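Data first, discussion second: the structure below is written as structure tokens.
The values are calculated or read from the model by the stated rules, or taken from the named source; none is laboratory data. Keep in mind the model is a prediction, meaning the values are calculated, not measured. So basically every Cβ, Gly included, is an ideal-geometry build from the backbone, and we count neighbours across all protein chains shown. These area figures cover heavy atoms from the full protein model, side chains too; ligands, DNA and RNA do not enter into them. Shrake-Rupley method; radii C 1.70, N 1.55, O 1.52, S 1.80 Å.
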Amino acid sequence: MATIKCGNSNFKLMGRSADEFPPPNKFDDVKEFKIDQKVLKDGLKKTSYAISTDEMRFVLNGIYCIFKDNQLTLVATDGRRLAMADYDIEVPDSMETSIIIPTKCINQLQSLVK
């Protein structure tokens, strides 16, 4: 229990022990990439319009990003439209990977990049 006193106000907050919560995830094999903001903004603009909104085809509800051969490839489709954008970025061989960035994350990224 935590007690907070401020002037005439008195608050008691009940809490739970940290042992009752699962431990946080550990990300040992993290891969980081630095992408120029203009490149990211342009890539999202060129591909995000083709993201599927069909909840049954969840694999299409985002942008597929491929980091390989010193290139970033962004791909999105809804089954009728296909959008793709390629950019030259530095990708070491040990860092090659591919991911799908979900639609909600894409929307947040678009609002953050200038």
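When you scan the range 50-69, how many residues do you find that are more than 17 Å from the chain's Cα centre (by Cα) and exposed (fewer than 13 other Cβ atoms within 10 Å of the Cβ)?
Total meeting the criteria: 6.
Kindly provide the set of residues from the range 89-114 that are in a helix (DSSP H, G or I) and either in contact with a Leu (Cβ under 6 Å, 6 or more places away or on another chain) or under 19 Å from Lys46 (Cβ atoms) (or both), ordered by number.
The initial filter retains those residues of the range 89-114 that are in a helix (DSSP H, G or I), namely 93-95, 103-112.
Of everything in the range 89-114, those that are in a helix (DSSP H, G or I) and either in contact with a Leu (Cβ under 6 Å, 6 or more places away or on another chain) or under 19 Å from Lys46 (Cβ atoms) (or both) turn out to be Thr103, Cys105, Ile106, Asn107, Gln108, Leu109, Gln110, Ser111, Leu112.
Conditions first: (1) under 16 Å from the mean Cα position of the chain (by Cα); (2) open to solvent by 30 Å² or more (accessible area, probe 1.4 Å). Glu96 passes all but one, so which condition is the exception?
(1)
Of all residues being in contact with a Phe, Trp or Tyr (Cβ under 7 Å, 6 or more places away or on another chain) and modelled with pLDDT of 90 or more in the range 21-49, which is surrounded by the most Cβ atoms within 10 Å (Cβ to Cβ)? Just the residue, please. Steps first, answer last, please.
Here is the first cut: in the range 21-49, the ones in contact with a Phe, Trp or Tyr (Cβ under 7 Å, 6 or more places away or on another chain) are 33, 39, 43.
From the residues that got through so far, the ones that are modelled with pLDDT of 90 or more too are 39, 43.
On the way: Val39: 16, Gly43: 23.
Selected residue: Gly43.
Determine, yes or no, whether Leu82 is at pLDDT 95 or above, open to solvent by 60 Å² or more (accessible area, probe 1.4 Å) and in contact with a helix residue (DSSP H, G or I) (Cβ under 7 Å, 6 or more places away or on another chain).
Values: at pLDDT 95 or above: yes; open to solvent by 60 Å² or more (accessible area, probe 1.4 Å): yes; in contact with a helix residue (DSSP H, G or I) (Cβ under 7 Å, 6 or more places away or on another chain): yes.
So Leu82 fits the description; yes.
What is the number of the single condition among (1) of a type in the set (A, V, I, L, M); (2) open to solvent by 90 Å² or more (accessible area, probe 1.4 Å); (3) over 18 Å from the mean Cα position of the chain (by Cα) that Leu112 does not meet?
So Leu112 meets the others, but not (3).
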